[in-house]
Amino acid sequence: MSEAQVTLAPSAAARVAVIAAKQGKPAILRLAVEGGGCSGFQYRFGLDEAPQDDDTIAETDGVKLLVDSVSLDLVAGSTVEFVESLGGSAFQVTNPNASAGCGCGSSFAV
């Protein structure tokens, strides 16, 4: 495990804490990158039970963000936020490595 090369914004930490409490799970969010989506890669979020050996961990307000070593190459320097708008609410990744993205914000290209 290594120290954060990604950032979990307070807005995302607060939302993860609420979701985890409702589900009776630890306040640990996993961000992974998978192939697919309209731009080549897509973000996947989910609650996790514990870090793995190759995870990078960011922590904000007692909430952890885990990113595996393969995904980290694509999201290093990113910030994960939780945004609410008229169009809905979602976790959003501000990724400085992305050269293009789709309109929905869930897929990107490098």
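Brief remarks follow.
- Were the residues from A50 through A14 laid out at 0.36 nm apart, the gain over their Cα-Cα distance would be 11.1 nm.
- Stretchable slack from Q23 to S69, in nm (0.36 nm times residue separation minus alpha-carbon distance): 13.9 nm
- GluC sites (Glu not before Pro) lying in DSSP loop within segment 30-76, provided at most 13 other Cβ fall within 10 Å: E49
- Average accessible area per residue (Å²) across segment 1-89 - probe 1.4 Å, nucleic acids and ligands excluded: 53
The values are calculated or read from the model by the stated rules, or taken from the named source; none is laboratory data. Predicted, not measured: the structure shown is a model, and the values here were computed from it. Note that each Cβ is placed from the backbone with ideal geometry, even for glycine, and that neighbours are counted across all protein chains shown. We work out accessible area using only protein heavy atoms, side chains counted, and drop any ligands, DNA or RNA first. Shrake-Rupley method; radii C 1.70, N 1.55, O 1.52, S 1.80 Å.
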